[in-house]
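Novice: There's a structure below that I have some questions on.
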Amino acid sequence: MKSTSEVVALMTRISELLRLGGRIEWAECIEQYWSQLLLDTDQALSNIMMLYGGMGSINDIVLYRDGLPMIEENNELHVLLSKLYDCCVATRR
C-alpha cells in the first residue's frame, strides 16, 4: 500500500513546477487537496483523481516561460502526474 507521504511529496514537486510555469490556479488546487489529505484522506484522494481526464484536465497542462515551452519541466511534470495518479489509486485500496 502506498502512503500519503509519497502522495504529498509528489504533490509538493508538482505544485513547484506549476508555479514555475505560471499555472498558479493549478498549483493552488493541488495545494488545497494536499491540505485536505490531513482532514479527509479518502475524499482528498478522490478529488485528486478527478483532476485527470477530459478536456482542460491537469493532463493537458503545458508549462511555458517567456512564450517558450519548458521542455524538461513539462516532461518531469507529466511523469510526476502519472505517478501521483498511480499512488492515489494504490493508497485508496
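The values are calculated or read from the model by the stated rules, or taken from the named source; none is laboratory data. Owing to the predicted nature of the structure, the values given are computational and were not obtained by experimental measurement. Glycine also receives a Cβ, built like all others from the backbone with ideal geometry; neighbour counts cover every protein chain displayed.
Novice: Could you tell me which of the residues L39, L63 is buried (at least 18 other Cβ atoms within 10 Å of the Cβ) and more than 12 Å from the chain's Cα centre (by Cα)?
Specialist: Unique residue meeting the criteria: L63.
Novice: Follow-up question, since we're still on this one. Return the pairs, sorted by first residue and then second, in which the second residue is polar (S, T, N, Q) and not in a helix (DSSP H, G or I), the first residue lies in segment 81-93 and is closer than 26 Å to V62 by Cα, the beta carbons are less than 6 Å apart, and the residues are 6+ apart or on different chains.
Specialist: none
Novice: Then there's this: Which of the residues belonging to segment 1-29 are hydrophobic (A, V, I, L, M, F, W, C) and part of a loop (DSSP other than H, G, I, E, B)? Spell out how you get there, then give the answer.
Specialist: Keep residues of segment 1-29 that are hydrophobic (A, V, I, L, M, F, W, C), which gives 1, 7-11, 14, 17-18, 20, 24, 26-27, 29.
Listed by number, the list holds a single entry, M1.
Novice: Among the residues of segment 66-93, which ones are under 21 Å from G22 (Cα atoms) and either more than 16 Å from the chain's Cα centre (by Cα) or among the polar types (S, T, N, Q) (or both)?
Specialist: To start, the set of residues in segment 66-93 that are under 21 Å from G22 (Cα atoms) comprises 66-82, 84.
Answer for segment 66-93, where residues must be under 21 Å from G22 (Cα atoms) and either more than 16 Å from the chain's Cα centre (by Cα) or among the polar types (S, T, N, Q) (or both): D66, G67, L68, P69, M70, I71, E72, N74, N75, S82.
Novice: Same structure again: What number of residues within segment 24-36 are of a type outside the set (F, W, Y), under 12 Å from the mean Cα position of the chain (by Cα) and surrounded by 14 or more Cβ atoms within 10 Å (Cβ to Cβ)?
Specialist: So the count comes out to 4.
Novice: Does segment 24-33 contain at least one residue that is touching a residue at least 40 places away in the same chain (Cβ under 8 Å) and of a type outside the set (G, A, S)? Give the derivation first.
Specialist: Going through segment 24-33, the residues touching a residue at least 40 places away in the same chain (Cβ under 8 Å) turn out to be none.
Within segment 24-33, not a single residue is touching a residue at least 40 places away in the same chain (Cβ under 8 Å) and of a type outside the set (G, A, S).
Novice: Still on this model: Return the pairs, sorted by first residue and then second, in which the second residue is surrounded by 12 or more Cβ atoms within 10 Å (Cβ to Cβ) and small (G, A, S), the first residue lies in segment 59-71 and is more than 16 Å from I30 (Cβ to Cβ) and in contact (Cβ under 8 Å) with a residue 12 or more places away in the chain, the beta carbons are less than 6 Å apart, and the residues are 6+ apart or on different chains.
Specialist: M70/G21
Novice: If you take the residues in segment 9-23 that are within 9 Å of the chain's Cα centre (by Cα) and surrounded by fewer than 17 Cβ atoms within 10 Å (Cβ to Cβ), which one is nearest to I61 (Cα to Cα)?
Specialist: Among them, the one singled out is R13.
Novice: Okay, moving on. Name the residues in segment 30-51 that are charged (D, E, K, R), in a helix (DSSP H, G or I) and at pLDDT below 95, would you? Full working, then the answer.
Specialist: From segment 30-51, those charged (D, E, K, R) are 31, 40, 42; that's our starting set.
If we keep only those that are in a helix (DSSP H, G or I) too, we end up with 31, 42.
If the condition is that a residue be charged (D, E, K, R), in a helix (DSSP H, G or I) and at pLDDT below 95, then D42 is the only one that fits.
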